[in-house]
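The values are calculated or read from the model by the stated rules, or taken from the named source; none is laboratory data. Remember, predicted model here, so these are calculated numbers, not experimental data. Neighbour counts are summed over all protein chains in view; Cβ atoms, including those assigned to glycine, are modelled from backbone coordinates with ideal geometry.
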Amino acid sequence: MDEIYLNGDFISKSEAQISIMDRGFLFGDGVYELIPVYNKKPFLLDKHLKRLKDSLTLIGMDEIKEIDKSIKTLINKCSHSNFFIYLHITRGSQAQRNHIYPSNITPTVLIMCEDYPCFSEEKIKQGFTASLQDDFRWMKSNIKSISLLGNVLLKNYASQNGFYETLLIRNNKLTEGSASNVFMVKDGKVYTPKLGSELLPGVTRDLLIMLMKENNLDIIESDISQTNLVESDEIWCSSSTNAVVPIIKVDDKLINEGVVGKISMDVFNLATKFIDNF
Ligand code: PDD
């Protein structure tokens, strides 16, 4: 896990150096991806690379050539079989700090192998808690930007107050979690906010929607009001680190009397099976 890729070289983490003039450091000017690796295979790599390309396009950067090859080489160099690839691309460094970037700037490309906590099935069955918070982040949350201060403050609000996640509300509508997408169940139907600039198009969100459709579960992408959310029968959060994290309490309000619901566990099992067969 010590070896990383930085701008064409495979080197150890301790050797790696980045200029203090890098725009990622100075402005948070860049994008990232987090890709699970199962049995040495990058999970849904094409989808992550497609989202990376979209993020780059949205910030006016070009595609990074042969990044898939660099990812695969690093995976093969890693002694572990199951981990996460963290991919971080900044616009690059320039001689003077300037909001305006030059047209001929060379991007900084960093790829690392990382470990993140994945919850056991026992823990999933117990359920987690969340807090509703105002979504004060910027209006381009569909870009997987490395400028994560809003998300960082919201996730830390959760952790400092004993919650797993914050569920974000903007204009009385659910957008997403501070580091996850959100689904809810009402009367047997599953709902998730429709895509737009207010939320990240999660790769796991996409996968769960596909799995639910294949298994004849009703899944509807639509606006979800704060009242709809807290009066729902089930809620779960999804992300590449944990595909389905059931939420059984939102602030003081129990969801499904504080018990993880059947549909949440069904979808958790569908995702687990898909990953096991990958
Ligand atoms: N974050 N929304 C936000 C704001 C996120 O940060 C994430 C994931 C998601 C879920 O996206 P995906 O299913 O593609 O992982 C939604 C990752 C895990 C992170 O920042 O570490």
Checklist entry - Restricting to the stretch 221-232, what's the tally of residues that are assigned to a helix (DSSP H, G or I) and surrounded by 14 or more Cβ atoms within 10 Å (Cβ to Cβ)? => result 4
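Can you name the helices (runs of 4 or more DSSP H) wholly within the stretch 1-84 that have at least 1 residues being β-branched (Val, Ile, Thr)?
Numbers: elements: 23-27, 45-58, 67-77.
Qualifying helices (runs of 4 or more DSSP H): 45-58, 67-77.
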Checklist entry - Can you tell me which residue in the stretch 237-253 is surrounded by the fewest Cβ atoms within 10 Å (Cβ to Cβ), limited to those that are away from the ligand (no atom under 16 Å from the Cβ) and either outside the structural domain of LEU132 (by TED's automatic domain parsing) or not in a strand (DSSP E or B) (or both)? => result ASP252
Checklist entry - How many residues, within the stretch 115-147, are outside any helix (DSSP H, G or I), of a type outside the set (Lys, Arg) and touching a residue at least 60 places away in the same chain (Cβ under 8 Å)? => result 17
Checklist outcome for this item: The correct count of residues that are without any contact (Cβ under 8 Å) to a residue 60 or more places away in the chain, surrounded by 13 or more Cβ atoms within 10 Å (Cβ to Cβ) and not in a loop (DSSP other than H, G, I, E, B) in the stretch 211-220 is 2
Checklist entry - Taking the stretch 69-81, which residues are at pLDDT below 95 and either out of contact with any strand residue (DSSP E or B) (no Cβ under 6 Å at 6 or more places or on another chain) or outside the structural domain of LEU49 (by TED's automatic domain parsing) (or both)? => result SER79, HIS80, SER81
Checklist entry - Can you find a residue in the stretch 170-193 that is of a type in the set (Asp, Glu), in a loop (DSSP other than H, G, I, E, B), within 22 Å of SER240 (Cβ to Cβ) and within 11 Å of the ligand (Cβ to nearest atom)? => result no
Next on the checklist: Of everything in the stretch 148-169, what is surrounded by 17 or more Cβ atoms within 10 Å (Cβ to Cβ) and either within 12 Å of the ligand (Cβ to nearest atom) or in a helix (DSSP H, G or I) (or both)? Give them in sequence order.
Outcome noted: ASN151, LEU154, LYS155, ALA158, GLU165, THR166, LEU167, LEU168
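Consider VAL203 carefully, then state whether it is farther than 15 Å from PHE128 by Cα, out of contact with any Gly (no Cβ under 8 Å at 6 or more places or on another chain), surrounded by 14 or more Cβ atoms within 10 Å (Cβ to Cβ) and assigned by TED's automatic domain parsing to the domain that holds SER131.
Numbers: farther than 15 Å from PHE128 by Cα: yes; out of contact with any Gly (no Cβ under 8 Å at 6 or more places or on another chain): yes; surrounded by 14 or more Cβ atoms within 10 Å (Cβ to Cβ): yes; assigned by TED's automatic domain parsing to the domain that holds SER131: yes.
Yes, satisfied.
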